[in-house]
Amino acid sequence: MNKSILNDDFELYYQPKVNLLDKSVETFEALIRWNHPERGFISPAEFIPLVEQSSLIEPLTEWVVKRALNDINKFNQKNEDEKYSIAVNISARNLQHPNFAESLIQNLEFFNINPERLSLEITETDLILEIKENIKKLKKLKAKGIKIYLDDFGKGYSSLKYLKELPVDYLKIDRYFIKNIGLEKSTENIIHSIINMAHALNLKVVAEGVEKKEQLEFLQELDCDYAQGYYFARPDTKENIIKKLAEEDKYILNSIDN
């Protein structure tokens with residue numbers, strides 16, 4: 001796999017996050033894909049867990065960060081106000097690296113990127129490991145303007161005490177809950193409670209894995225802030241997104257009425 005990093009066998013695809021108030025798009029999540037020279041495309045579900053348990057997670061994350069930062073500039077070529085941002089997934093192992101925050105800041109400076117154009121997505125279960133140290137690192141990054149997402153919320157076991165202390169800007173509701181909208185009343189009640197709790201803490205809420213109109217309508221009724229999923233757009237290559245942005249004044253969602 002290290003050879004694949006050197007040979008540039010990995011690719012980044014991007015999926016938009018949609019503002020449910022006006023259906024606008026300002027942020028894309030970077031999603032890694034492995035185009036193996038012999039096996040073809042390998043699912044992230046297959047290789048990411050292996051990478052996270054090895055020393056390869058650090059060079060791979062470094063590759064993702066640098067590629068994403070370079071793509072931010074390309075996404076904003078027509079937008080002098082630097083409208084578009086990119087969100088990158090970070091693992092527990094990345095956070096535990098002593099120079100993680102400093103390295104990220106250096107990369108921002110190298111690519112001349114406004115820190116507000118970068119977001120980090122960290123799973124709830126990863127964040128609670130070494131939580132006090134993680135809070136310090138994330139506070140340092142947030143002070144620079146970087147946005148923080150607490151990913152897969154509801155899947156882990158964060159206490160309300162830590163949720164209040166964590167320097168996060170967004171909660172991403174785990175897709176397990178979203179797929180059960182319309183199927184389980186108890187799940188719908190949990191989603192309602194998460195959104196109310198997040199708003200009480202001045203956090204924005206993102207629903208991931210939205211695939212049906214019924215799911216979207218339910219989330220809109222609860223004043224969910226953002227959504228992401230196949231209902232709006234599948235992950236796409238940077239080339240296609242850059243082409244789309246060059247043709248329009250804004251990123252247009254073709255799959256829904258705006």
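The values are calculated or read from the model by the stated rules, or taken from the named source; none is laboratory data. Keep in mind that this is a model prediction, so the values were computed, not measured. As a convention, Cβ positions derive from the backbone with ideal geometry for all residues, glycine included, and neighbour counts pool all protein chains shown. The protein model used for the area step is the full one, side chains on, heavy atoms only, and it has no ligands, DNA or RNA in it. Shrake-Rupley method; radii C 1.70, N 1.55, O 1.52, S 1.80 Å.
Summary table
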{"item": "The chain - percent of accessible surface contributed by carbon and sulfur, probe 1.4 Å", "result": "47 percent"}
{"item": "Karplus-derived HN-Hα couplings along segment 10-17 (A = 6.51, B = -1.76, C = 1.60, θ = phi - 60°), whole Hz, x at Gly and Pro", "result": "8, 9, 9, 10, 10, 10, x, 9"}
{"item": "Normalised contact order of the chain, rounded percent, pairs of Cα under 8 Å and 6 or more residues apart", "result": "19 percent"}
{"item": "Of (i) 50, 24, 16; (ii) 26, 23, 19; (iii) 32, 21, 17, the label for semi-axes √(5λ) of the Cα gyration tensor in Å derived from the coordinates", "result": "(ii)"}
{"item": "Along the chain, longest interval not containing exposed GluC sites (Glu not before Pro), exposed being DSSP loop plus at most 16 other Cβ atoms within 10 Å", "result": "131-183"}
{"item": "Sequence-separation-based contact order of segment 139-226, relative, with Cα cut under 8 Å and 6+ spacing, percent", "result": "27 percent"}
{"item": "Violating pairs (Cα-Cα greater than 30 angstrom) within the set 147/244; 144/164; 66/212; 139/179; 17/137", "result": "66/212; 139/179"}
